[in-house]
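For reference, the structure discussed in these notes is given below.
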Amino acid sequence: MVKRLLAGVWLLSAAVWAEPPLTVAVTASFKPVLEALSEPFTQASGRSFRLVSASTGVLSQQILSGAPFDVFFAADRAHPQQLLKALGLPDDRVQTYALGTLVLVTQDPAVKSLADLRDYTGRVIIANPLQAPYGAAADQLLDQLGYSGTRVRANNVSQARQYLSLNLAAVGLTAASVAQDLPGVQSIDPALYPVLEQQLVVLRRSDQAVALLAFLQTAPAVQVLRDFGYREPAQP
Amino acid sequence: MILDAIGLTLRLAGTTTLLLLIICMPLAAWLASTRSRAKPWVESLVALPLVLPPTVLGFYLLLIMSPNSQIGAAWVELFGQSLAFSFWGLVIGSMAYSLPFVVQPLQRTFEGQGAFIAEAAHTLGAHPWQTFWAIRLPLALPGLIAASVLGFTHTVGEFGVVLMIGGNIPGQTQVLSILLFDQVESLNYALAHQLAGGLVLSSLLVLFCLYRWNHQSAIRIGG
């Protein structure tokens, strides 16, 4: 019994001595991208990371309460900037890692293109403009187009996608990254809506964190980003 | 915005409670007196919303309301609009969610009446419906009030189901709890304080009135 206990303690301490994997907090909409990059990252660097996923707002609250994350991929600029101030981190801990794109999803014959929304009376699904940057962009775009019907506000882009996939409404505006397998997806000229800059914060600097950020700049990683409907940020 | 949400919440809770009372009175009276083998099954079904997370209810409701399902398609055919993101969609969700809170107090009340009252009425020639309306229902008034208050306040306190099937449309499906959630998430704590504080105070007041009234009527009956 004592031997077993000692063996257990030894195993535990061995686990502690090994390099712990990087803990990455990621906003729900970007999680599939990091999941897809996990395997190639391990192959390229011999290191690994584990993902914690929730909405940007929830993760920010957790970080302020002391959650042990190394890097945080947010869905906007506002939250990382707030965290930077609140935690007293230097400016270079924040960088833009992707630009989001908005798409129109339409299964309604009355809406063949974005311009048809001006006279459309049916419901349009968007993400909640108060919480989701994609929702705010969609809201502004609808105002600009002169749409006056009812806007159904899903909690986030994923719920917007869910509503559209269940046909609960025929038309919606959501993030390209979550609309991949929906029918009736149309791209929207990025000049028509505000830039959806997504920023990350390095909360605890380490070799692993540096390796992950460097990996994101490589050509294969950028290709995965594009495959999921993001654009890479302009190089400084 | 707040007034819209308050009006909508009261309308939703009122409609839900009224419809639930209509369905639950015969159901509770039956449950209180039946010796059917189906009774434990029906009781379990009624109590399910007490133990299930609201997300389970929300998930099934979403699937049912989708025009891909038969029920959802039939509804669109009948009323020309999808059930999701509509007031009546919320009413249906709330009815399922608050069902046990209305059935259970009513059932306890009817059980407490004992069979002899109904039997006495029967020997005097009363039809079962007459017995129900003239004797059992008036005697069940305290239970009826408790059931209404619990059903109403529980519907006001509903959040998870509405979050999943509501669509957050001001004036149509944006109830108080959802408006509060919005304000908290967007760090608008001033309005969040007003809403949360208001809900705490009004709920406390309603429950206090119920318990005080229960206490007094217990004294009256006891004395």
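The values are calculated or read from the model by the stated rules, or taken from the named source; none is laboratory data. All of these numbers come straight from a predicted model, not from anything done at the bench. Ideal geometry is used to build each Cβ from the backbone, glycine not excepted, and the neighbour counts take in all protein chains shown.
Observations on the model:
- Note on the range A:118-129: residues that are farther than 10 Å from A:Asn156 by Cα and either within 14 Å of chain B (Cβ to nearest Cβ) or surrounded by 24 or more Cβ atoms within 10 Å (Cβ to Cβ) (or both) total 5.
- Filter pass, B:Thr131 being buried (at least 22 other Cβ atoms within 10 Å of the Cβ), among the hydroxyl-bearing types (Ser, Thr, Tyr) and not in a loop (DSSP other than H, G, I, E, B): no
- Inside the range B:90-106, residues that are in contact with a Ser or Thr (Cβ under 8 Å, 6 or more places away or on another chain) and within 14 Å of chain A (Cβ to nearest Cβ) make up a count of 1.
- Restricting attention to the range B:23-62, the residues that are of a type in the set (S, T, N, Q), away from every other protein chain (no Cβ under 14 Å) and assigned to a helix (DSSP H, G or I) total 2.
- Residue match in the range B:169-189 (condition: among the charged types (D, E, K, R), within 13 Å of chain A (Cβ to nearest Cβ) and without any contact (Cβ under 8 Å) to a residue 12 or more places away in the chain): yes
- Scanning the range B:63-75 for residues that are within 12 Å of chain A (Cβ to nearest Cβ) and surrounded by fewer than 15 Cβ atoms within 10 Å (Cβ to Cβ), we see that the one that is nearest to A:Thr121 (Cα to Cα) is B:Ala73.
- The single condition from (1) more than 16 Å from B:Ile169 (Cβ to Cβ); (2) among the aromatic types (Phe, Trp, Tyr); (3) within 10 Å of chain B (Cβ to nearest Cβ) that A:Tyr163 fails is (1).
- Selection count where residues are within 13 Å of another protein chain (Cβ to nearest Cβ) and outside any helix (DSSP H, G or I), scope the range B:143-168: 4
- Options B:Leu210, B:Leu199, B:Leu139; residue that is over 30 Å from A:Gln131 (Cα atoms), of a type outside the set (S, T, N, Q) and crowded, with 16+ Cβ neighbours inside 10 Å: B:Leu210
- Considering the range A:142-160, and only residues there that are within 11 Å of chain B (Cβ to nearest Cβ) and among the polar types (S, T, N, Q), the residue that is nearest to B:Gln183 (Cα to Cα) turns out to be A:Asn155.
- Selected residue (only one of A:Gly135, A:Gly146 is over 17 Å from A:Lys31 (Cβ atoms) and surrounded by 24 or more Cβ atoms within 10 Å (Cβ to Cβ)): A:Gly135
- Matching entry among B:Gln194, B:Gln183 (being of a type outside the set (Phe, Trp, Tyr), surrounded by 16 or more Cβ atoms within 10 Å (Cβ to Cβ) and either closer than 30 Å to B:Gln113 by Cβ or out of contact with any His (no Cβ under 6 Å at 6 or more places or on another chain) (or both)): B:Gln183
- Filter pass, B:Val200 being at pLDDT 90 or above and part of a helix (DSSP H, G or I): yes
- Checked against (1) away from every other protein chain (no Cβ under 14 Å); (2) in contact (Cβ under 8 Å) with a residue 60 or more places away in the chain; (3) not in a strand (DSSP E or B), A:Gln198 meets all criteria but (3).
- Counted residues, the range A:165-210 - those being hydrophobic (A, V, I, L, M, F, W, C) and over 24 Å from A:Leu34 (Cα atoms): 8
- Unmet criterion (only one of (1) assigned to a loop (DSSP other than H, G, I, E, B); (2) at pLDDT 90 or above; (3) more than 10 Å from chain B (Cβ to nearest Cβ)) for A:Asp139: (1)
- Going through (1) under 16 Å from A:Leu216 (Cα atoms); (2) crowded, with 21+ Cβ neighbours inside 10 Å one by one, A:Thr42 falls short only on (2).
- Selected residue (criterion: farthest from the other protein chains (Cβ to nearest Cβ)) from residues of the range A:168-189 that are surrounded by fewer than 22 Cβ atoms within 10 Å (Cβ to Cβ) and modelled with pLDDT under 90: A:Gln180
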